[in-house]
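Have a look at the structure below, then the notes.
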Amino acid sequence: MLSHYLLHLADDALIMSQRLSEWTGHGPVLEQDIALTNIALDYLGQARNFYQYAAVLTGAEATEDSLAMLRLEHEFKNHLLVELPNGDWGQTVLKVFFFSAYQKLLMQQLVNCPDEQVRGIAEKSLKEVSYHLRWSREWVLRLGDGTAESHERMRQALDQVWMYTGELFEQPDYQQGWVDYNAIKTAWMETMWQTLEEAAIANSTGGGRLAAGFQTGGLKGQHTEHLGYILAEMQYLQRAYPNSTW
C-alpha cells in the first residue's frame, strides 16, 4: 500500500530528525551546532510532508500528528540506522553521511515516479539531502584523515555503524515499484568506498568486518531497544495532553 510506503519514508526522516536534534546546544562549535540543527529541521519537514499525504490516504481520523505521535514501536517502519544513538561527533556525521548518500539516490528516483505529490516532496527533499551529503562527507574526510585521535574515532564509528547499512537496500513489501534498490546499492557503495579510502579509514576495519552480516528488521517493525526510548521522549507531550498539534 502506498500509505505504508509513505510511513516508511516519513518514519526514517522523523527518527533521524529526533536523533540529530539531541545535538542542539552540544555541537563542537557554534557554526556546526547550527548546521546540524538545520539538518534536523530539514528531516522534520520531510517527515511532515510524507505524514500529511499518508494521513489523506489513510482517511478516517488520521492526521500527521496521530501518525507520528500515537503509533507504537512495532508500527514504525524506519531503518535501524536512524534510531542508533548518536555516539560521538564522528559517529554522528558518519551516520548522516551513510543515510544522506542513500536518500539522495532514493530521491533522484522518486522525482520520476508517477505520483505527483511524491514527486513534489522528492524534488524539495533532493535539494536538502544534497547539502546533507556534502556537509557530512566533508566531516568524514576531515576526521578520518586528521589527527591520530580523530582517525581512531572514525575507525571505531565505522565498526559501530556499518553493520546497519545493508538494510538500506532491502525492498519493503509495501514498496511501489518506483525504486531500483539494486541500482541504489551499486551507486551507494561506489560513493562509500571512494570517500572512505580518501578518508584513510577504508582498510582500518579489515574486509572481514565490513563483509559481516547486516542487522535488519526495521522495515517490518522489528527495532532495536533504542527506538522505544526515542518514542517515549518524543511522544510524551501528545500522550500527556491528548489532541495537541504541531
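Report the local net charge at Gln238: Lys and Arg +1, Asp and Glu -1, summed over other residues whose C-beta lies under 15 Å from its C-beta.
-2
If I take the Cα coordinates of region 136-182 and project them onto the principal axes, what are the three extents in Å, biggest first?
Principal-axis extents of region 136-182 (Cα, largest first): 45, 19, 13 Å.
Find out how many positive minus negative residues lie around Ile184, taking Lys and Arg as positive, Asp and Glu as negative, among other residues whose Cβ is under 12 Å from that of Ile184.
Its environment carries a net charge of -1.
Cα extents of region 36-98 along the three principal axes, largest first, in whole Å?
So the extents along the principal axes, rounded to whole Å, are 44, 25, 16.
I need the peptides 22-28, 104-110 ranked by packing, meaning the mean over residues of other C-beta atoms within 10 angstrom, with the highest value on top.
Descending packing order for the listed peptides: 104-110, 22-28.
Is any residue of region 130-153 close enough, with backbone N under 19 Å, to a label point placed 7 angstrom from the Cα of His26 along the Cα-Cβ axis, and if so, which?
The answer is 153.
For the pair Gln171/Glu61, report the inter-label distance in nm, with labels modelled 7 Å from Cα in the Cβ direction.
Label at Gln171, label at Glu61, 3.9 nm between them.
In region 88-246, how does Rg compare with the Kirkwood Rh, expressed as the Rg/Rh ratio over alpha carbon atoms?
Ratio of gyration radius to Kirkwood radius for region 88-246: 1.01.
Taken together, the values in this text are just the output of simple stated rules run on the coordinates, not laboratory data. For clarity, every value in this text was computed on a predicted model and none was experimentally measured. Don't worry about glycine lacking a Cβ; one is built from the backbone with ideal geometry, like all the others, and counts go over all protein chains shown.
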